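Worksheet: one structure, shown below.
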Amino acid sequence: MSAPTTRRNRALASCEPCRERKSRCDHGKPICASCQRRGLDSRCYYHPAPLSKNRSARRPTMLTLPRSTLATPSWSRNNTKGCQAHPGRSAAGPPKFHTWPFMSTVSDTLPQTPTPGSHDSKAYEAHLATMKEIVSQLRYLPVIEKCLHQYYSFKHNALVPKPVVLQILDTLRTDLVSSGHILGEKGEQVELGDISEISETVLLSSSTEVIITPSLDLHGFCALFCGANLRVETIGLLYTMAARASVFFVDRDEDKDGAFVQDMVWYSTLALRLARDLAPQSTDVIIWLANENAELRSFLEGDASLGVWRLVGDLTTDLLALGLNREATYSPERTPFFLAECRRRCFVTEYYLEKMFGLVFNLPPRITSRYVDVKLPLDLSDDEIFAQTPEELEEAKDRLTEDGWNTDGKLRAATYARLRYILSQFREGIVEYHFQASQAADPAQLRDLSSQCRQTWDNLLPHLRYTQDCWESDMPFTTCYMHAKIHLAYLQIHFQIYHLLGEDSSSPLPELLDVSANILETVVQMGISRRKGAFTFNDLPLILLSCGLPSAAVLSTALENITQDPSRVLPPGIKTPAVIRNLSVLASQLDSVASSRERNQAFCLQAAKAITEKLDKILDKFATSKFQATPDVATSTDVSPMSVLATDVDSPLDDGAGEIGAINLDDYDNFDLMSWAIDFDLGNTASDWTMM
C-alpha cells in the first residue's frame with residue numbers, strides 16, 4: 001500500500017468521492033474502506049492537488065471497474081458488420097455538457113447530489129423523500145418478477161434486452177435478502193425493513209456519472225446500475241415494464257391488478273423525473289425507461305396525448321444527448337459490441353416512433369435523416385449479441401448476409417427494428433413533403449418516392465414480407481401480428497402518397513382504392529385474431545383508428561359515389577360485398593376493441609358510429625336503387641352487415657354519444673367521412689390518467 005497523499009496544509013488528502021460527499025475517509029490506498037463499502041471502487045482515486053483549480057487537467061479521463069468484476073473479451077471490440085466510423089466524419093464521442101465546447105480543459109464536473117448541511121439541503125431532502133416513496137414499492141417484488149418473466153415469454157420484440165432485465169432482477173432480490181432489507185414474504189408482497197439506508201445509497205448512485213468502457217460484459221454493465229450501484233432509473237424500468245406486462249394479460253384481475261398498475265405507473269413516472277434530475281448525463285437505462293414509460297402512457301392516456309408527445313420529445317433529447325444519432329458513438333473503441341447493438345435498436349425504434357407521430361398526427365419530426373448516419377442494427381437475437389465466447393459471436397455474424405439480415409427465417413426484435421427504420425425513411429419524405437413551403441403536389445416526386453419504397457420492399461427476403469396466409473399457418477399469432485404491423489406501415493406510405501396525388505380529384509384514385517382495400521383487409525384480420533394468446537395487443541385501437549378508419553373513409557366514399565353515378569365502378573379485384581363486409585366488421589371491432597381504462601375508447605366509439613351511419617346510408621341507397629347489392633353481400637361473411645349496424649353498434653353507442661359530442665351524426669347529407677377521417681383529431685377528450 002502506498003503512502004497517503006498529504007495536502008499543502010499537511011492534512012491527509014481524502015479520495016475524491018469522500019471529499020465530494022463530505023464524508024470521512026480512512027485515506028486507504030488504492031481504495032479506501034468507505035468506497036469499498038459503498039461499491040465505489042471504480043471511482044476511488046486521490047487527486048494530486050485537491051484544493052487547486054482546473055482539476056480536470058489532472059483527473060484521469062477514463063475510469064474502469066476492477067478486473068475481478070469485468071471480463072475483457074477482445075472479441076467485443078470487433079463488430080465486423082458495420083461499426084466503423086463514417087469516412088470523413090468526426091470521431092467525437094457523445095456531446096459534452098456542463099461546459100462550453102471551446103473550454104475542453106476546464107472542469108465539466110457538476111457538484112454531486114446535495115448532502116445534509118450543504119447550501120442546497122432542501123433539494124437533497126426533497127429528493128430523498130421522493131426516493132423513499134419509490135423504493136417502498138419494492139414490496140411488490142414478487143409480482144414484478146412474475147410479470148416480467150411472463151412478459152418475455154410472449155413478447156419477442158422487446159426493446160430492453162431480456163438478459164439485462166433478468167440479471168438485474170436476480171441481483172436485486174439477492175442484495176435485498178443478503179442485506180436484510182427483506183424481512184419476510186407473504187403472498188405477492190415482501191415485507192421491507194427500514195429503507196432509509198438503501199434510499200440514500202440509490203440517491204447517491206443515481207447522481208454519479210456512468211462510465212462505459214469497451215471491455216464491459218453483461219455482468220459488468222449490470223453492475224453499473226444495480227447491486228452496490230443500484231440507481232433510480234433501474235427501479236423505474238422494472239416498475240414500468242411490470243405495469244406494461246400486467247395490462248397485456250388477458251386473464252388479469254381488473255380490481256387487484258388495476259391498483260398495482262396505477263402504483264407502478266405513478267412511481268415509474270416519478271423515477272424517470274428524478275433520474276433525469278440527478279444524473280449528470282443520460283444513461284442507457286434512462287432511455288429504456290423513457291421508452292417503456294411513453295409506451296405505457298400512450299396506452300393509458302391515448303396516443304395523441306400532449307403528455308405522451310412531451311415524453312417522446314424528452315426521449316429524443318436523451319438519445320441526442322448520448323450522441324446516438326452519430327455512428328462514431330458506436331465505435332468499438334468506446335462501446336462494447338452488445339451495447340452498441342442495443343443502442344442502435346433503441347435509436348431506430350425512436351426514429352420510427354417519431355415518423356409515426358408525424359404521419360398520423362401531422363406533427364413535424366424532431367429527428368431528421370440529414371443529421372443521422374447510424375447504421376442498421378445487425379439481425380441478431382439477444383442471446384447472440386450477449387454471446388459468451390468470441391467463437392459463438394463470430395458464428396452468429398457469419399450467418400448474416402452482407403447487409404446484416406439473418407437467413408434462418410426467424411424473426412427477432414432486431415428484425416422488426418430494421419424493417420421499421422427502412423420504412424421510416426420513406427415516411428420522413430412524406431412528413432417533410434407535408435411541411436414544405438410549397439403546397440402544390442409534385443406528382444413526379446411523389447410517384448418516384450412510391451416506386452422507391454415498393455422496390456425496397458420487393459427486395460426484402462421472402463420471410464420478411466407479410467401474407468394473409470400466415471394466420472392459417474403454424475406461425476405464432478404474435479409473429480403474424482408483428483408481420484401485419486410492418487405491412488401496414490408499408491401500405492400507409494402509399495396511402496399517403498396517393499391521397500396527396502388525388503387531393504384535387506372528385507373521387508379517390510384507383511391506386512388509393514387498391515391500397516385502402518388492402519389496408520382494411522389486413523386491419524380486420526388483425527382484429528379478428530386478437531386475444532388468441534396470453535397477451536392482448538394493446539396497440540390495436542390505434543391501428544384501427546390510424547389505419548382502418550382512413551381506409552374505411554376512402555372506400556365508403558367510393559361506394560357512395562357508385563350509388564350516385566352508375567358509371568363509376570370499383571377497380572378490378574375489389575368486390576363490393578367484401579368491402580361492405582369489412583366495413584361492417586371494422587365498425588364492430590371499433591365498438592369493442594378498447595377497454596374503459598383506455599383513453600382511445602372514446603375515439604373508437606366515435607369512429608364506429610361514423611362508419612355505421614355512413615354504411616347504413618349506403619346500404620339504404622343500394623336497396624332502393626337499381627344498383628341493389630347482390631345477395632352475397634349479406635351471406636359472404638358470418639357477420640351480417642345489417643345485424644352489426646342494428647344490434648352490435650347502435651345500442652352501446654347511443655349511450656355514449658352525448659359524451660363524445662365531437663361530430664353531429666344526425667345529418668349525414670353534408671357529412672364528409674373521408675375528410676373527417678383523414679384529419680381525425682384524437683386530442684379532444686380528457687383523461688383520468690394524465691400525469692403531466
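What number of residues within segment 392-437 are over 27 Å from S153 (Cα atoms), surrounded by fewer than 19 Cβ atoms within 10 Å (Cβ to Cβ) and among the hydroxyl-bearing types (S, T, Y)? Residues flagged as over 27 Å from S153 (Cα atoms), surrounded by fewer than 19 Cβ atoms within 10 Å (Cβ to Cβ) and among the hydroxyl-bearing types (S, T, Y) within segment 392-437 amount to 2. Checking each residue in segment 120-150 for being among the small types (G, A, S) and either farther than 19 Å from I195 by Cβ or buried (at least 21 other Cβ atoms within 10 Å of the Cβ) (or both) picks out S121, A123.
Looking only at segment 388-426, residues that are among the small types (G, A, S), over 21 Å from F347 (Cβ atoms) and in contact (Cβ under 8 Å) with a residue 40 or more places away in the chain come to 1 in all.
If the condition is being crowded, with 24+ Cβ neighbours inside 10 Å and over 18 Å from V579 (Cα atoms), then segment 605-616 contributes only Q606. Regarding R326, is this residue crowded, with 20+ Cβ neighbours inside 10 Å and closer than 30 Å to A594 by Cβ? For R326, the condition - crowded, with 20+ Cβ neighbours inside 10 Å and closer than 30 Å to A594 by Cβ - is not met.
Limited to segment 294-330, what total is found for residues that are under 22 Å from S246 (Cα atoms) and of a type in the set (S, T, Y)? Summing the residues that are under 22 Å from S246 (Cα atoms) and of a type in the set (S, T, Y) in segment 294-330 gives 2. Checking V569 against (1) surrounded by 19 or more Cβ atoms within 10 Å (Cβ to Cβ); (2) more than 26 Å from L296 (Cα to Cα); (3) among the hydrophobic types (A, V, I, L, M, F, W, C), which single condition isn't satisfied? Result: V569 fails condition (1) only.
Restricting attention to segment 563-589, the residues being over 23 Å from L488 (Cα atoms), in contact with a Ser or Thr (Cβ under 8 Å, 6 or more places away or on another chain) and of a type in the set (V, I, T) number 1. Scanning segment 319-345 for residues that are in contact with a Gly (Cβ under 8 Å, 6 or more places away or on another chain) and closer than 11 Å to K375 by Cα yields one hit, A328. Here I235 passes the criteria (1) modelled with pLDDT under 90; (2) outside any loop (DSSP other than H, G, I, E, B) except the one numbered (1).
For R412, state whether it is more than 15 Å from Q496 (Cα to Cα), under 27 Å from the mean Cα position of the chain (by Cα) and basic (K, R). Yes.
Within segment 306-318, the set of residues being surrounded by fewer than 23 Cβ atoms within 10 Å (Cβ to Cβ) and either closer than 15 Å to K355 by Cβ or in contact (Cβ under 8 Å) with a residue 60 or more places away in the chain (or both) comprises L306, G307, W309, R310, V312, G313, T316. Pairs meeting the criteria (first residue in segment 595-608 and under 18 Å from G527 (Cβ atoms), second residue hydroxyl-bearing (S, T, Y) and assigned to a helix (DSSP H, G or I), beta carbons under 8 Å, at least 6 apart or on different chains) are A608/S588.
Taking the numbered list (1) within 24 Å of the chain's Cα centre (by Cα); (2) under 20 Å from T467 (Cα atoms); (3) at pLDDT 85 or above in turn, C604 passes all entries but (2). Screening segment 460-551 for helices (runs of 4 or more DSSP H) wholly inside it with 3 or more residues that are over 25 Å from S153 (Cβ atoms) and either free of Cβ contacts under 8 Å to residues at least 24 places away in the same chain or small (G, A, S) (or both) returns the ranges 510-528. Against the test of being out of contact with any Asp or Glu (no Cβ under 6 Å at 6 or more places or on another chain), among the aliphatic types (A, V, I, L, M) and within 16 Å of I611 (Cα to Cα), the options L509, L520 yield a single qualifying residue, L520. Selection within segment 165-198: residues that are small (G, A, S) and either assigned to a helix (DSSP H, G or I) or outside the structural domain of A223 (by TED's automatic domain parsing) (or both). The member of this set that is farthest from Y152 (Cα to Cα) is S196. Criterion applied to V285, V250 was being over 13 Å from Q137 (Cα atoms), modelled with pLDDT under 90, of a type outside the set (K, R) and within 22 Å of the chain's Cα centre (by Cα), and the one residue passing it is V250. May I ask you to verify whether T201 is surrounded by 14 or more Cβ atoms within 10 Å (Cβ to Cβ), among the polar types (S, T, N, Q) and either in a helix (DSSP H, G or I) or in contact with a His (Cβ under 7 Å, 6 or more places away or on another chain) (or both)? Against the criterion (surrounded by 14 or more Cβ atoms within 10 Å (Cβ to Cβ), among the polar types (S, T, N, Q) and either in a helix (DSSP H, G or I) or in contact with a His (Cβ under 7 Å, 6 or more places away or on another chain) (or both)), T201 qualifies.
The values are calculated or read from the model by the stated rules, or taken from the named source; none is laboratory data. The structure presented is a predicted model; accordingly, all values stated were derived computationally and were not measured. Backbone-built Cβ (ideal geometry, glycine too); neighbour counts: all protein chains shown.
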